[in-house]
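Okay, so here's the structure we're looking at.
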Amino acid sequence: MQQGTLMRKVKSKSWKKQRYFKLQEDCMTIWYQSKRTGKTESAFSISDVETVREGHQSEVLQSVAEEFPPERCFTIVFYGRRGNLDLIAGSAEEAQCWVQGLRQLIEPRSFPLTFALVSCTWIRDWFQKADKNKDGRMNFKEVQRLLKMMNVDMNEDHALRLFQDADKSESGTLEGEEFVLFYKALTQREEVLSLFQEFSEDGKKLTLLELVDFLRQEQLEDEGTEELAMELIDKYEPSETARARHVLSADGFLMYLCSPEGSIFNPQHRALWQDMSQPLCHYFISSSHNTYLIEDQIRGQSSIEGYIRALKRGCRCLEVDCWDGPNGEPMVYHGHTFTSKILFREVVSTLGKTSWGNSSSPLPLMGTSPPSSHPQRASLSCLRVGGHGPWRRWVAQGASLSPTPQELKHKILLKGKKIGRLEDTLDGPGDEAPDVSDDDNGAEAEEERRRAKVRETQHGSALQKDKESLAQALSDCVIYCKNVPFRGFQEARSHSRPSEISSLSEAKARKLIRDEGNEFVRHNAWQLTRVYPSGMRTDSSNYSPQEMWNVGCQIVALNFQTAGTEMDLCDGLFSQNGCCGYVLKPPFMRDKETLFNPSDPSSREGPGPITLTIQVISGQQLPKVANSKEGAIIDPLVRVEIYGVPADQAHQETKYIENNGFNPRWDETLQFQLHVPELALIRFVVEDYDKTSRNDFVGQFTLAFANIKPGYRHIHLLSKDGTSIPPSSLFVHIRITE
């Protein structure tokens, strides 16, 4: 993958811009040359690329699907809020060359390569930023300025000494490789070297037995420790000689600590590790609200990109609001608002291409407000029941009243109003009156019901029969998620079924949590509950999902487009179990007769409270605050936040380190007592201290307590919108005691 002429979609009357793209020799930067002006510019760094999508997986490329085949189209998706880059190659072969080449660069096969690539990319990116005249060299003043850009405030004499040591050519400037040497001297990890020497007899290497001692005593690895030690040496020791002697050097030790095996997140829990044969109601399900919106709830843009982003993020419960549209085509948008609209047909097409890319788990669709007119219902019925490609084979069909995620793999579950019962659908048509109650959208739903009655009165009885026929066809698609109104726990226990679901506003759910916590937990042990944001959240803000998870609510719908603590908690919970979007609830929340109430931790069956001790040791290469002044250097502090039952909610923070975002050292110990650790989420937050105003966000990482690995661990930080910000990390020591 060296070069190629690609066309880029731009917002202009003439939509095509032909550009000549080229991968630079460093394999880290893509440059392009305009065909019109001949000007060459840097387009992007490989480290900025999150993923590459093939085919018509964007609104832009779908709009030209008839003109250009999917084999020639691909989309480059960047980290953060940078817009996607839609490209069309001259041939399918050229497109594959770019797609496969980019994927190999951004997804190396082994972590040591990842670690080395990230470090090298990060160094050279900064070097290129500081090398204003592009001569590939920097004098000492330029290096000092670069250090400021890199968040380093260093004593001038010490910086000069490191500069001179790295200047092997004695030219008074640093060239590319010399700057790498300077950087390595700059990033010497004294705290890691001290730990290494504590277990190394000669201070130069860890023998196999010394490494085993470290893994057992500090990392609490108690099974197959010798085999693990051999694997780590083979995987992370850079010296072939050391590998042959089965020893680990200081460099290899650091590589291990920065690897997935050295992460705070248990690497075994990254894969699918939980039992997937329980009923659906026994799982927390990653869920989005008004998935099609990528902005606010009143005037925001509706886009299939909302579905693509949510699915890529591990979401398994999407919302599709269908309304009347022009030319007999149902539209998807937020009803009774000024949001833009997208074709239901496009949503179906997008789901067909992206629903199973990251997960084979069942995909519940929250369908609300079906079109009112006869032809549009017919169109919707056709699409949902089988008239549009493979849609029919995805709709869940089965004979079990309490299906499991394992049984429903690659199935779509439609939530909606249903005529009759599930048993009637499985055995034959039913004669029960349609359930038209749904408090899913509050006042909007009530207004829609009123309008429906008016429309029914205006149309004749013949048309009514046609509608009923179509309503039956739509109803037959609703198998396991029949929407029913919530009229109290006793009513539900007496009359509801496991195949039914109720939707509650966040305010209603909070009241039930406060007044009937244990009954709520019991209800969620056998039936699905969906919670959605208040209609007052027109800015697409989010409520805390934790209080809803505390009572076992499975479908806690959030606005995925809005970054913040709430989405950090969501990402933290669902980053486990293969990111399949399903997390098994604790045993005491799956028992219909449980005594557990989140307001009374003693009601939980099991061992007593545990103590979580976290020593925050150091930070590495923390990012600068967005839009900060030139030359500004952060004063970082670390805050650890605990989310769980009310008795476990807590936070503590370290002192701030003045003017050091590059390698701050805290060496502070924080301690927490957890009464219900099974529900606890731990959020590590780095902020830039400001004594006169609110601290600025720097980075965060959130995970479930169940996924924590004790010992000396690195925490690889994420940005505000949940994307990786390599190589920024924290180094901590974790202890868990009963």
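The values are calculated or read from the model by the stated rules, or taken from the named source; none is laboratory data. Given the structure is predicted, the values throughout are model-derived calculations rather than measurements. So basically every Cβ, Gly included, is an ideal-geometry build from the backbone, and we count neighbours across all protein chains shown. Each accessible area value is taken on the protein alone, full model and side chains, heavy atoms only, with ligands, DNA and RNA left out. Shrake-Rupley method; radii C 1.70, N 1.55, O 1.52, S 1.80 Å.
Screening the candidates 519, 547 for the property of being open to solvent by 40 Å² or more (accessible area, probe 1.4 Å), in a helix (DSSP H, G or I) and closer than 18 Å to residue 282 by Cβ yields one hit, 519. Determine whether residue 607 is over 23 Å from residue 366 (Cβ atoms) and modelled with pLDDT of 95 or more. In short, no. The set of residues from the stretch 324-341 being open to solvent by 50 Å² or more (accessible area, probe 1.4 Å) and aromatic (Phe, Trp, Tyr) comprises just one member, 338. Residue 691 meets the conditions (1) more than 21 Å from the chain's Cα centre (by Cα); (2) over 26 Å from residue 185 (Cα atoms); (3) part of a strand (DSSP E or B) in every case but one. The failed one is (3). When each of 514, 493, 455 is tested for being over 29 Å from residue 537 (Cβ atoms) and at pLDDT 85 or above, the lone residue that passes is 493.
Here residue 553 meets the list (1) assigned to a loop (DSSP other than H, G, I, E, B); (2) open to solvent by 10 Å² or more (accessible area, probe 1.4 Å); (3) of a type outside the set (Lys, Arg); (4) under 27 Å from residue 704 (Cβ atoms) almost entirely, failing just condition (2). Is the stretch 37-46 home to any residue that is charged (D, E, K, R), open to solvent by 50 Å² or more (accessible area, probe 1.4 Å) and modelled with pLDDT of 70 or more? The answer is no, given that none of the residues of the stretch 37-46 is charged (D, E, K, R), open to solvent by 50 Å² or more (accessible area, probe 1.4 Å) and modelled with pLDDT of 70 or more.
Let's see how each residue does on (1) surrounded by 14 or more Cβ atoms within 10 Å (Cβ to Cβ); (2) outside any helix (DSSP H, G or I):
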residue	(1), (2)
212	yes, no
215	yes, no
219	yes, yes
222	no, yes
228	yes, no
235	yes, no
243	yes, no
256	yes, no
272	yes, yes
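Condition check: modelled with pLDDT of 95 or more and not assigned by the TED database to the domain that holds residue 60. Does residue 240 satisfy that? No; evaluated as a whole, the condition is false for this residue.
Selection of the stretch 613-662 for residues being modelled with pLDDT of 95 or more, of a type in the set (S, T, N, Q) and part of a strand (DSSP E or B) yields 613, 615, 618, 652. Scanning the stretch 574-586 for residues that are open to solvent by less than 20 Å² (accessible area, probe 1.4 Å) and assigned to a helix (DSSP H, G or I) gives 574, 577. The criterion of being small (Gly, Ala, Ser) and open to solvent by less than 10 Å² (accessible area, probe 1.4 Å) does not hold for residue 507.
For the stretch 400-430, a tally of residues being at pLDDT below 70 and open to solvent by less than 30 Å² (accessible area, probe 1.4 Å) returns 4. Residue 281 meets the conditions (1) surrounded by 19 or more Cβ atoms within 10 Å (Cβ to Cβ); (2) touching a Lys or Arg at 6+ places or on another chain (Cβ under 6 Å) in every case but one. The failed one is (2). Of all positions in the stretch 587-597, none carries a residue that is among the hydrophobic types (A, V, I, L, M, F, W, C) and in contact with a strand residue (DSSP E or B) (Cβ under 6 Å, 6 or more places away or on another chain). Scan the stretch 254-283 and report the pairs whose first residue is closer than 17 Å to residue 579 by Cβ and among the aliphatic types (A, V, I, L, M) and whose second residue is part of a helix (DSSP H, G or I) and open to solvent by less than 20 Å² (accessible area, probe 1.4 Å), with Cβ atoms within less than 6 Å and a gap of 6+ or a chain change. Taking only residues 6 or more apart or on different chains, the pairs are 272/577. Given the residues 156, 175, 142, 107, which is the only one that is touching a Lys or Arg at 6+ places or on another chain (Cβ under 6 Å) and either closer than 30 Å to residue 233 by Cβ or at pLDDT below 85 (or both)? Going through 156, 175, 142, 107 in turn, just one is touching a Lys or Arg at 6+ places or on another chain (Cβ under 6 Å) and either closer than 30 Å to residue 233 by Cβ or at pLDDT below 85 (or both): 175. Total residues in the stretch 328-339 satisfying the condition of being in contact with a Leu (Cβ under 9 Å, 6 or more places away or on another chain) and closer than 21 Å to residue 295 by Cα: the figure is 5. Looking across the stretch 587-612, the residues that are polar (S, T, N, Q) and open to solvent by less than 30 Å² (accessible area, probe 1.4 Å) come down to 594, 603.
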